[in-house]
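Enquirer: Below is one structure. I have some questions about it.
The values are calculated or read from the model by the stated rules, or taken from the named source; none is laboratory data. None of these values were measured; they are calculated from a predicted model. Please note: Cβ atoms are built from the backbone with ideal geometry, for glycine as well, and neighbour counts cover all protein chains shown. Surface accessibility is based on the protein's heavy atoms, side chains included, excluding ligands, DNA and RNA. Shrake-Rupley method; radii C 1.70, N 1.55, O 1.52, S 1.80 Å.
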Amino acid sequence: MTRPMDAIVLSFRGEPLRVFPVGQRPLEVGSGPSCDVVVHDAAVPSRAWLVHEGLDGAPVARDLVNDGPLLRLVPGVELPLGERYAIARAPALDPPRSRELSLATEQIVIGLDEGEKLTLVIGRGRDARRVRLEGTPLTLGSAPSCDVVLSDRAVSAVHCRLEPDRQSAWVRDLGSRNGTWVDNVRTGLGRIAPGSRMRVGRTEIFVVDQGARGDARADGLVASSWQMIEILGRVEALSRSMAPVLVWGPSGAGKEGIARALHTRGPRAREPFVAVNAAAIPRDLVESELFGHEKGAFTGADASRRGVFEQADRGTLFLDEIGELSMSIQARLLRVLDNWSVKRVGGETERRVDVRLVCATHRDLRSLVARGGFRSDLYYRLVHARIDVPPLSDRPEDVRALAAHFLEQARPHLGARTLSQEAIECLVSYGWPGNVRELRSVVLGAATSSSGIVHKEDVRTAIAEISGAEALSDVSPLGARLLVQQHGSVSAAARAIGVARSTLRDRLARSGPVPDGRTRALRTATG
């Protein structure tokens with residue numbers, strides 16, 4: 001049986017005037033002309049109440065004037081609007097409740113525990129900041145009283161409000177001078193979701209789906225650094241497209257995770273995701289692996305076999321290390337991409353396939369094209385969009401988050417493990433030539449040899465055993481590199497590593513000249 005839609009009733013001196021459905025989107029109630037429920041009474045605040053569905057589906061309301069807690073709406077209990085008007089939950093949906101019921105007993109605090117957890121990435125690059133949308137409305141503007149204060153002269157004092165619901169969130173313009181823009185469209189009230197891009201004044205805001213520090217998103221990605229946050233926004237935007245994507249980055253940086261995110265966030269999420277590493281396939285079997293073969297096509301072909309294109313039909317095919325394919329296989333691949341049909345080895349007929357193609361490589365394909373090692377026509381067919389994944393050494397914030405995530409993953413097998421601060425510094429200071437793949441092995445190795453708390457010596461031993469190298473004795477080499485990235489700011493570099501500014505300053509002073517001519521900044525910082 002379908003549950004009736006909840007509604008609120010607007011009354012005048014106890015007499016019902018009009019019923020408004022709740023659930024499609026939040027309802028703003030007040031005397032302002034832009035409100036969803038407009039009350040023509042000067043005694044009613046311009047923006048009085050915000051009504052939307054709570055986590056259990058019942059309507060709740062927030063006092064926009066006093067910024068109080070959420071109130072659960074129940075029949076028979078009215079929320080006042082001036083002296084003559086009031087709103088209440090429509091009584092037909094619940095058993096009658098006493099009008100003497102105290103509002104205090106119905107106060108609840110609600111968090112966004114269901115649906116997608118949204119994070120706003122405000123600004124770009126290293127200066128970007130993140131604000132998590134936890135289930136309560138947030139006002140954005142230049143006034144100090146706003147929940148999110150934007151230092152932008154093009155932003156109005158109270159510019160817009162974000163209104164979360166059980167599925168995602170809505171953004172409502174609050175009469176700003178320059179408007180609120182969502183995906184390049186000016187909007188008064190619009191839904192935002194992962195992948196949405198907002199513009200408030202001159203400030204860009206990206207909407208991403210992100211778990212807590214150390215937690216993976218639904219698609220398995222962990223992101224804490226500004227580089228990965230920007231990549232998440234790129235993934236959200238490209239996931240809705242069917243265009244081929246090239247993911248570039250060093251081995252072990254997480255390219256397959258990006259490909260899986262493009263798949264799981266897109267319309268083909270319920271269809272197959274097939275991954276194949278072109279560099280790991282024997283040369284004489286590459287053609288069969290990609291396009292399939294018929295029985296008897298070659299020695300050992302005892303039965304017909306589908307290739308990865310057929311296996312990924314209606315889904316996503318991830319071709320890792322695409323730069324390792326021979327020129328002859330590149331020619332066959334180009335033909336497949338031109339007409340989206342494959343012919344099995346030894347076969348006579350072509351079979352239509354519908355595949356979203358994502359490729360990855362650690363090589364510079366443009367240089368390969370210039371040297372004649374990669375077909376230019378295939379390159380332009382593959383690279384409709386490109387995502388660059390930086391090495392782990394360039395994003396130390398992710399080292400912390402990934403290490404915590406790996407420990408959480410291993411909890412059922414190893415028990416609870418936590419990293420000491422010295423262990424974290426040791427992990428962050430190491431160069432990680434094997435990137436995320438190496439980090440996971442080291443963290444799990446250190447956790448296996450420890451009990452309860454993972455110490456610095458556990459990490460150093462794991463690196464020596466797994467990578468054949470000793471962990472750096474201090475953070476100086478990484479600190480010097482981060483000092484360059486942070487434009488000479490010792491404070492910013494220290495925050496990125498997770499150590500005190502004075503600690504980094506002293507170690508940098510002992511380590512000698514800083515690369516790329518940053519010695520002046522260092523001399524200034526160390527006094």
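Enquirer: Do we have any residue at all in segment 178-185 that's part of a strand (DSSP E or B), charged (D, E, K, R) and either within 20 Å of residue 209 (Cα to Cα) or in contact with a Phe, Trp or Tyr (Cβ under 9 Å, 6 or more places away or on another chain) (or both)?
Expert: Residues of segment 178-185 that are part of a strand (DSSP E or B), as a first pass: 180-182, 185.
If we keep only those that are charged (D, E, K, R) too, we end up with none.
Looking through segment 178-185, none of the residues is part of a strand (DSSP E or B), charged (D, E, K, R) and either within 20 Å of residue 209 (Cα to Cα) or in contact with a Phe, Trp or Tyr (Cβ under 9 Å, 6 or more places away or on another chain) (or both).
Enquirer: Further, regarding this structure: Quick one: in segment 78-110, of everything that is outside any strand (DSSP E or B) and modelled with pLDDT of 85 or more, which residue is most open to solvent (accessible area, probe 1.4 Å)?
Expert: If we filter segment 78-110 for residues that are outside any strand (DSSP E or B), which is where we start, we get 78, 82-84, 90-106, 109-110.
Now drop any that are not modelled with pLDDT of 85 or more, which leaves 78, 82-84.
Values: 78: 66, 82: 35, 83: 177, 84: 90 Å².
The extreme case among them is 83.
Enquirer: Right, here's the next one. For segment 162-193, which positions are open to solvent by less than 10 Å² (accessible area, probe 1.4 Å) and within 16 Å of residue 122 (Cβ to Cβ)?
Expert: 162, 169, 171, 180, 192
Enquirer: If the Cβ limit is 6 Å and pairs must be 6+ apart or interchain, which residue in segment 239-257 that is under 13 Å from residue 319 (Cβ atoms) pairs with which residue that is among the basic types (Lys, Arg) and not in a helix (DSSP H, G or I)?
Expert: Here the result reads 246/386, each pair linking segment 239-257 to a residue that is among the basic types (Lys, Arg) and not in a helix (DSSP H, G or I).
Enquirer: For segment 142-160, what are the residues that are closer than 15 Å to residue 207 by Cβ and under 22 Å from the mean Cα position of the chain (by Cα)?
Expert: Listed by number, the list holds a single entry, 148.
Enquirer: Oh, and also: Which residues, taken from segment 336-355, are in contact (Cβ under 8 Å) with a residue 40 or more places away in the chain, open to solvent by less than 70 Å² (accessible area, probe 1.4 Å) and more than 17 Å from residue 306 (Cα to Cα)?
Expert: 337
Enquirer: Moving on. Looking only at segment 125-141, which residues are open to solvent by 10 Å² or more (accessible area, probe 1.4 Å), closer than 23 Å to residue 226 by Cβ and modelled with pLDDT of 80 or more?
Expert: 129, 130, 131, 132, 138
Enquirer: Also, quick follow-up: Which residues, counting only those in segment 366-390, are open to solvent by less than 40 Å² (accessible area, probe 1.4 Å) and closer than 21 Å to residue 235 by Cα?
Expert: Of everything in segment 366-390, those that are open to solvent by less than 40 Å² (accessible area, probe 1.4 Å) and closer than 21 Å to residue 235 by Cα turn out to be 379, 382, 383, 385, 387, 389, 390.
Enquirer: Just to be sure, is residue 145 more than 26 Å from residue 228 (Cα to Cα), at pLDDT 90 or above and part of a loop (DSSP other than H, G, I, E, B)? Let's see the steps before the verdict.
Expert: On the way: more than 26 Å from residue 228 (Cα to Cα): yes; at pLDDT 90 or above: yes; part of a loop (DSSP other than H, G, I, E, B): yes.
Yes, satisfied.
Enquirer: For segment 31-62, which residues satisfy the criterion of being open to solvent by 40 Å² or more (accessible area, probe 1.4 Å) and hydrophobic (A, V, I, L, M, F, W, C)?
Expert: Matches in segment 31-62: 38, 42, 43, 55.
Enquirer: Quickly run through segment 202-220 and pick out the residues that are open to solvent by 10 Å² or more (accessible area, probe 1.4 Å) and at pLDDT 80 or above. Break it down into steps so the answer makes sense when it comes.
Expert: The first filter runs over segment 202-220 and keeps only residues open to solvent by 10 Å² or more (accessible area, probe 1.4 Å), leaving 202-204, 206, 209-213, 215-220.
202, 203, 204, 206 - these are the residues of segment 202-220 that are open to solvent by 10 Å² or more (accessible area, probe 1.4 Å) and at pLDDT 80 or above.
Enquirer: From the list 285, 333, 319, exactly one residue is closer than 30 Å to residue 195 by Cβ and either part of a helix (DSSP H, G or I) or without any contact (Cβ under 8 Å) to a residue 24 or more places away in the chain (or both). Which is it?
Expert: Details: 285 fails: closer than 30 Å to residue 195 by Cβ; 319 fails: either part of a helix (DSSP H, G or I) or without any contact (Cβ under 8 Å) to a residue 24 or more places away in the chain (or both).
The unique qualifying residue is 333.
Enquirer: Let me ask something additional. Output the residues belonging to segment 407-428 that are buried (at least 21 other Cβ atoms within 10 Å of the Cβ) and either within 16 Å of residue 254 (Cα to Cα) or more than 24 Å from the chain's Cα centre (by Cα) (or both).
Expert: Result: 417, 419, 423, 425, 426.
Enquirer: Among the residues of segment 143-161, write down those that are open to solvent by less than 50 Å² (accessible area, probe 1.4 Å) and either touching a residue at least 60 places away in the same chain (Cβ under 8 Å) or not hydrophobic (A, V, I, L, M, F, W, C) (or both).
Expert: 152, 156, 159, 161 - these are the residues of segment 143-161 that are open to solvent by less than 50 Å² (accessible area, probe 1.4 Å) and either touching a residue at least 60 places away in the same chain (Cβ under 8 Å) or not hydrophobic (A, V, I, L, M, F, W, C) (or both).
Enquirer: Which ones in segment 258-282 are in contact (Cβ under 8 Å) with a residue 60 or more places away in the chain and either under 22 Å from residue 381 (Cα atoms) or surrounded by fewer than 17 Cβ atoms within 10 Å (Cβ to Cβ) (or both)? Let's see the steps before the verdict.
Expert: Within segment 258-282, the first condition is being in contact (Cβ under 8 Å) with a residue 60 or more places away in the chain, and the residues that meet it are 258-259, 262-263, 265-266, 268.
Scanning segment 258-282 gives 258, 259, 262, 263, 266, 268.
Enquirer: Moving on. Checking residue 307 against (1) out of contact with any Phe, Trp or Tyr (no Cβ under 6 Å at 6 or more places or on another chain); (2) surrounded by 19 or more Cβ atoms within 10 Å (Cβ to Cβ); (3) not basic (Lys, Arg), only one condition comes out false. Which one?
Expert: Every condition holds for residue 307 apart from (1).
Enquirer: So in segment 10-35, with the set limited to residues that are modelled with pLDDT of 90 or more and in contact with a Pro (Cβ under 8 Å, 6 or more places away or on another chain), which one is farthest from residue 173 (Cα to Cα)?
Expert: 10
Enquirer: Yes or no: segment 253-267 includes at least one residue that is modelled with pLDDT under 95, part of a loop (DSSP other than H, G, I, E, B) and under 16 Å from residue 386 (Cβ atoms).
Expert: Among the residues of segment 253-267, at least one is modelled with pLDDT under 95, part of a loop (DSSP other than H, G, I, E, B) and under 16 Å from residue 386 (Cβ atoms), which makes the answer yes.
Enquirer: Do we find a residue being in a helix (DSSP H, G or I) and under 16 Å from residue 245 (Cα atoms) anywhere in segment 342-358? So that I can check it myself, show each step before the final result.
Expert: Within segment 342-358, the first condition is being in a helix (DSSP H, G or I), and the residues that meet it are none.
Among the residues of segment 342-358, not one is in a helix (DSSP H, G or I) and under 16 Å from residue 245 (Cα atoms), which makes the answer no.
Enquirer: Scanning segment 435-468 for residues that are in a loop (DSSP other than H, G, I, E, B) and in contact with a helix residue (DSSP H, G or I) (Cβ under 6 Å, 6 or more places away or on another chain), which turns out surrounded by the most Cβ atoms within 10 Å (Cβ to Cβ)? Step through it out loud before you land on a result.
Expert: Of segment 435-468, the ones in a loop (DSSP other than H, G, I, E, B) are 449-450, 452, 455, 468.
Keeping just the survivors that are in contact with a helix residue (DSSP H, G or I) (Cβ under 6 Å, 6 or more places away or on another chain) gives 449-450, 455.
On the way: 449: 14, 450: 21, 455: 17.
The residue in question is 450.
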